[in-house]
1. Answer with yes or no whether residue 287 is touching a Leu at 6+ places or on another chain (Cβ under 6 Å) and farther than 30 Å from residue 189 by Cα.
2. Being in a loop (DSSP other than H, G, I, E, B), farther than 21 Å from residue 308 by Cα, modelled with pLDDT of 95 or more and not hydrophobic (A, V, I, L, M, F, W, C) is the filter here, so list the residues in the stretch 54-80 that pass it.
3. Could we say that residue 94 is in contact with a Gly (Cβ under 8 Å, 6 or more places away or on another chain) and farther than 29 Å from residue 216 by Cβ here?
4. Suppose we filter 95, 50 for residues that are touching a strand residue (DSSP E or B) at 6+ places or on another chain (Cβ under 9 Å), closer than 23 Å to residue 167 by Cα and either part of a loop (DSSP other than H, G, I, E, B) or not basic (Lys, Arg) (or both); which single one remains?
5. Within the stretch 74-82, identify whether any single residue is touching a residue at least 40 places away in the same chain (Cβ under 8 Å), surrounded by fewer than 17 Cβ atoms within 10 Å (Cβ to Cβ), more than 19 Å from the chain's Cα centre (by Cα) and over 25 Å from residue 290 (Cα atoms), and answer yes or no.
6. Could you identify the single residue in 136, 46 that is in contact with a Pro (Cβ under 7 Å, 6 or more places away or on another chain), hydroxyl-bearing (Ser, Thr, Tyr), crowded, with 18+ Cβ neighbours inside 10 Å and at pLDDT 95 or above?
7. Identify the residue in the stretch 133-148 that is in contact with a strand residue (DSSP E or B) (Cβ under 7 Å, 6 or more places away or on another chain) and part of a loop (DSSP other than H, G, I, E, B) and, among all such residues, is farthest from residue 50 (Cα to Cα).
8. Could you list, in sequence order, all residues of the stretch 101-127 that are farther than 20 Å from residue 159 by Cβ and surrounded by fewer than 15 Cβ atoms within 10 Å (Cβ to Cβ)?
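The values are calculated or read from the model by the stated rules, or taken from the named source; none is laboratory data. As the structure is a prediction and not an experimental result, all values here were calculated from the model. Here the Cβ positions follow ideal geometry from the backbone for every residue, glycine too, while neighbour counts run over all protein chains shown.
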Amino acid sequence: MKTKGYFLLSALVIMLHGMIFCGEALALNPNAPATVVKLIFIHHSSGQNWLADDHGGLGIALRNNNCFVSDTNYGWGPEGDTIGDRTDIGHWWDWFRSPSRDTYLNALYAESNQNCSYSRLASDPGGSNRIIMFKSCFPNSYLGGKPSDPPTTGANPLRGQDAYSEHMTVANAKGIYNDLLVYFASRQDKLFVVITAPPQVANDTDAAHAANARAFNNWLVNDWLAGYPHKNVAVFDFYNVLTSHGGNRNINDLGTETGNHHRWRNNAIQHQQTVMNNLSAYDTNNYDSHPTAAGNQKAAAEFVPLLNVYYHRWMGDLLGGARLLLLE
């Protein structure tokens, strides 16, 4: 005979199941992790500036968010292979799908050093990196093809190629990111966070290529993960955030109702574009696509709460400390 306790437990499970599937909002938690989490960031110069205390301040923001941060940069790599030099979209195939993948990633997961200057927590909590952030630089915002081109399937000519390849197209870039999901699905013990490539200045691009970059990054945010069944992959639209400012390149529009943002706002994730601009709003002296400090500071402030949302969603943590047991 079933006990009263059994029926109460069953009712609770049914109620929680209904709450979970009535909306993901229950799992959205923008608060810092309760314990220190190890994070590594694969980047080049734009990422270095973003991390720097005297520029974007992301290192400080992550330190204050209970993250122990390490990074890779030019020259990084295991066993004499400087895979750290290669961070274009086509290179992500090398990192996550090539025959050398395990060599690269075992070294990446174990890395605890700094390869540029930024503040971080004084003590390494030990263990491997759990959050893997990776970003391509602004030349990867120069994409050929058409905005609506579907992803390349099968053998992709962009695999292993740099941003200047003739194969650098919307279709091929989408295909590369789809290929990465095969590996990501096999490592649900890691949270992979894609940081989109920054926008370019007018001197580096044209209207068609800039529109392709906009379309590709919208695809990453809105469509790429639509059929992915797990919670261990997320996207931050660095590109969009850097396409609107607060008056000029040295004044950002952080916290404004209008503008282009990717942020946690009004208890929801907001991916918004109200400024019709596909070029960098934070160009350095009109000709350099490296974002100014103001742009990087806006991006750091918008990114960290979203990272927390992605982290807690991956971990299954509800606001208030309960856990989602029925996510998968």
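1. Values: touching a Leu at 6+ places or on another chain (Cβ under 6 Å): no; farther than 30 Å from residue 189 by Cα: yes.
It is false that residue 287 is touching a Leu at 6+ places or on another chain (Cβ under 6 Å) and farther than 30 Å from residue 189 by Cα.
2. Step one: list which residues in the stretch 54-80 are in a loop (DSSP other than H, G, I, E, B), which gives 54-57, 64-66, 73-80.
Next, from what is left, pick out any that are farther than 21 Å from residue 308 by Cα: 54-55, 73-80.
Pick out the ones that are also modelled with pLDDT of 95 or more and you get 54-55, 73-78.
The answer is 54, 55, 73, 74, 75, 77, 78.
3. Numbers: in contact with a Gly (Cβ under 8 Å, 6 or more places away or on another chain): yes; farther than 29 Å from residue 216 by Cβ: no.
So residue 94 fails the test.
4. Details: 50 fails: closer than 23 Å to residue 167 by Cα.
None of the other options fit; the residue is 95.
5. Taking every residue of the stretch 74-82 in turn, none turns out to be touching a residue at least 40 places away in the same chain (Cβ under 8 Å), surrounded by fewer than 17 Cβ atoms within 10 Å (Cβ to Cβ), more than 19 Å from the chain's Cα centre (by Cα) and over 25 Å from residue 290 (Cα atoms).
6. Working: 136 fails: in contact with a Pro (Cβ under 7 Å, 6 or more places away or on another chain).
Residue meeting the stated conditions: 46.
7. Our first condition is that a residue be in contact with a strand residue (DSSP E or B) (Cβ under 7 Å, 6 or more places away or on another chain); within the stretch 133-148, this holds for 133-135, 143-145.
So of that shortlist, the ones also part of a loop (DSSP other than H, G, I, E, B) come out as 143, 145.
Values: 143: 23, 145: 30 Å.
Per the criteria, the residue is 145.
8. Applying the first criterion (farther than 20 Å from residue 159 by Cβ) to the stretch 101-127 yields 106-107, 109-127.
106, 110, 113, 117, 122, 123, 124, 125, 126, 127, listed by residue number.
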